[in-house]
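The structure appears below as structure tokens.
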Amino acid sequence: MTYTHVAVFIHWVTAILIIGLLAVGKFMTGLDDADPLRFSLTQTHKTIGILVLLLSGLRILWRLTHKAPPHPAQAPAWEKFAASLSHFAFYVLILLLPLSGWAMVSISVLDIDTLLFNTIEWPHLPIAEWLNLASTEAKASWEHHFHSAHHIAGNVLAVLVLVHVGAALKHHFIDKDDVLRRMKPRITEPGFLGVLAFAAVCIGAGYFAVTQISKSSASTLVASDSSVTLQADVTGSETAIVFSNSSISAQIDANNPANSSLMVTVDTATATSTNLQVQGSLPNSDWFDVDNFPQATFQSTSFTSGQEPNSLEVTGDLTIKETTRSVDFTLIMTTDEQTGESSARIDLPINRFDYQIGLKSQPNEDSVGAIVTIQVRFQLGNNG
Ligand code: HEM
């Protein structure tokens with residue numbers, strides 16, 4: 001007796017996706033919070049994780065309705081028991097991991113949507129309602145619990161995968177039985193080719209649906225060509241401090257603002273000014289302290305419709321050096337009538353003393369004004 005073509009196909013597809021998710025999961029959580037790569041990898045991780053959840057559901061249904069081949073007759077009883085136990089643990093973990101990940105992002109105080117393949121909105125689980133959580137602290141604490149469950153389950157699954165591969169190789173090379181062979185794709189058999197053809201049709205239909213939805217939801221715009229400048233009043237004259245290296249990861253949906261997100265990162269060491277005295281101070285510990293804080297970041301936490309047309313009200317956390325403060329501002333979008341290109345502008349006045357900027361070297365407002373304005377400009381275009 002052997003495994004069905006469907007069971008073999010789902011086994012290898014989920015195996016590849018899960019090993020990828022484990023590796024990417026570990027890699028992305030090792031990146032700096034402000035790294036835009038962490039943001040984009042997490043979005044892809046969520047999409048593939050949900051795909052694994054759906055495939056795992058299908059796999060369990062298939063397993064419940066189709067008998068698996070028995071353990072090799074000659075295997076000792078403890079080995080049969082260990083195999084059954086580890087297979088059961090696999091089924092638990094391939095559900096627990098995606099469900100804990102889904103729960104974590106659903107309760108997250110950052111409230112970032114899960115957009116499958118950057119297009120299809122996947123709902124959040126109403127965990128806060130189920131657990132009757134109202135305060136941000138309670139939500140953050142549950143987010144932490146789900147994160148721990150996800151982390152521990154990921155580590156257990158990684159160990160189990162290694163043991164599973166080792167056991168399969170032992171059966172093949174030492175016991176020389178058919179345990180590995182019966183999970184081998186029988187690629188020349190019409191049944192397996194049928195499963196492959198069906199999968200290809202599903203992938204094709206899925207790809208078509210995603211591209212159609214993405215075209216029709218052209219209201220979701222992504223950022224490019226960004227610039228970040230700090231305008232300061234230096235001895236009475238407007239002085240610009242330009243960050244030549246900045247990156248913006250934005251998804252702006254004016255029709256459904258809750259779908260939007262914005263992450264801005266600037267490399268503090270790339271700040272320059274035409275005022276040479278200011279320029280000299282910028283890298284110092286009293287200004288941007290570039291050695292200890294190479295990046296300053298903004299991460300949005302909520303978007304709502306603005307009062308003016310084509311504007312959105314944004315709230316989020318601005319981190320400069322060791323200080324993180326919640327800030328609000330208006331994001332204004334404009335479209336060039338001739339080229340049809342859209343762009344976004346943000347002007348955010350902050351008090352530099354709140355972020356310990358120039359506190360010791362320019363404590364006097366007559367030399368550098370307390371209020372400095374962060375100006376962010378970027379182009380908006382359709383995704384892909
Ligand atoms: C079988 C499926 C999945 C596997 C094997 C998996 C694996 C992992 C691993 C190993 C990590 C690193 C955890 C750590 O060491 O701290 C991770 C992180 C993460 N996973 Fe998953 N995951 C899966 C599904 C999902 C799903 C479905 C979601 C959400 C919809 C998700 C959301 C996340 C997020 C947001 C993080 C990053 C947490 C952080 O930034 O600290 N995962 N995942």
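What follows is calculated from the coordinates using simple rules that are stated; it is not laboratory data. Predicted model only: the values in this text are computed from it and were never measured. A quick note on method: Cβ atoms are made from the backbone with ideal geometry, for glycine too, and the neighbour counts reach across all protein chains shown.
Note down the net charge around His172, summing +1 for each Lys or Arg and -1 for each Asp or Glu among other residues with Cβ under 13 Å from its Cβ.
Its environment carries a net charge of +2.
Any lysines with Cα under 21 Å of the Lys321 Cα? List them, leaving off those in the same chain fewer than 8 positions away.
Hits, sequence-local ones excluded: Lys360.
For the range 38-194, what percent of Cα pairs sit more than 22 Å apart?
The proportion of pairs with Cα distances above 22 Å equals 56 percent.
Which loop trypsin sites (Lys or Arg not before Pro) in the range 122-211, with loop taken from DSSP, have no more than 11 other Cβ atoms within 10 angstrom of their Cβ?
The qualifying sites are Lys176.
Report the net charge of residues surrounding Ala75, where surrounding means a beta-carbon distance below 10 angstrom and charges are Lys +1, Arg +1, Asp -1, Glu -1.
Net of charged neighbours comes to -2.
What are the lysines whose alpha-carbon lies under 17 Å from the alpha-carbon of Lys170, with same-chain residues fewer than 8 places away excluded?
List returned: Lys80, Lys184.
Amide H of Gln295: which non-local residues (sequence gap of 5 or more, or other chain) have their own amide H closer than 5 Å, using H built in the peptide plane?
Under 5 Å from the amide H of Gln295: Thr268.
Take the Cβ-Cβ distance between Thr29 and Asp366 as r, set R0 to 56 Å, and report the resulting FRET efficiency rounded to the nearest 0.05.
Efficiency computed from Cβ-Cβ geometry: 0.75.
Which whole-Hz couplings ³J(HN,Hα) result when phi for each residue of the range 177-184 is put into the Karplus expression 6.51 cos²θ - 1.76 cosθ + 1.60, θ = phi - 60°, listed in order with x for Gly and Pro?
Result, rounded to whole Hz: 9, 9, 4, 6, 4, 6, 9, 6.
Using only DSSP helix segments of four residues or longer, with each worth -39500 (n - 2.57), what per-residue ellipticity at 222 nm results for the chain after dividing by its residue count and rounding to 500?
The helix contribution divided over the chain gives -14500 deg cm²/dmol.
Applying 1/(1 + (r/R0)^6) with R0 = 25 Å to the Cβ-Cβ distance of Asn132 and Asn255, what FRET efficiency is obtained, to the nearest 0.05?
Result of the calculation: an efficiency of 0.20.
Can you give the FRET efficiency for Ala73 and Val165, using 1/(1 + (r/R0)^6), R0 = 25 Å, r = Cβ-Cβ distance, to the nearest 0.05?
Calculated transfer efficiency: 0.60.
Counting pairs of alpha carbon atoms under 8 Å apart in space and at least six apart in sequence, what relative contact order in percent does the chain give? Spell out each step's value before the answer.
Details: 589 pairs, mean separation 51.6, N = 384.
Computed over the chain, the figure is 13 percent.
In whole percent, what relative contact order does the range 219-382 give with Cα contacts below 8 Å and a gap of six or more residues?
Relative contact order, the range 219-382: 26 percent.
Calculate, axis by axis, the spread of Cα positions in the range 219-382 along the three principal axes, and write the results as whole Å, longest axis first.
46, 32, 27
Exposed loop GluC sites (Glu not before Pro) only (DSSP loop, at most 11 other Cβ atoms within 10 Å): please give the longest stretch of the chain free of them, not including the sites.
1-321
Please list, ordered by chain and number, the residues whose modelled amide H lies under 5 Å from the amide H of Ser305; skip anything fewer than 5 residues away on the same chain.
Glu313
Give, as a single signed number, the net charge of other residues whose beta carbon lies under 14 Å from the beta carbon of Glu308, with Lys and Arg counted +1 and Asp and Glu -1.
Net charge around Glu308: -1.
Taking the square root of 5 times each eigenvalue of the Cα gyration tensor, what semi-axes in Å does the equivalent ellipsoid of the range 57-134 have, largest first?
Equivalent-ellipsoid dimensions as semi-axes: 38, 15, 10 Å.
What is the extension gain from Phe173 to Gln375, computed as 0.36 nm multiplied by their sequence separation minus the C-alpha to C-alpha distance, in nm to one decimal?
66.3 nm
Once phi is turned into θ = phi - 60°, what whole-Hz ³J(HN,Hα) does the Karplus curve with 6.51, -1.76 and 1.60 give for every residue of the range 50-60, x standing for Gly and Pro?
5, 4, 5, 4, 5, 5, 5, x, 4, 5, 5
Work out from phi, with θ = phi - 60° and the Karplus expression 6.51 cos²θ - 1.76 cosθ + 1.60, the ³J(HN,Hα) of each residue of the range 81-88, listed in order in whole Hz, and give x for Gly and Pro.
Whole-Hz 3J(HN,Hα) from phi for the range 81-88: 5, 4, 5, 4, 4, 5, 5, 5.
For the chain, max minus min Cα coordinate along each principal axis, in Å, sorted largest first?
89, 46, 42
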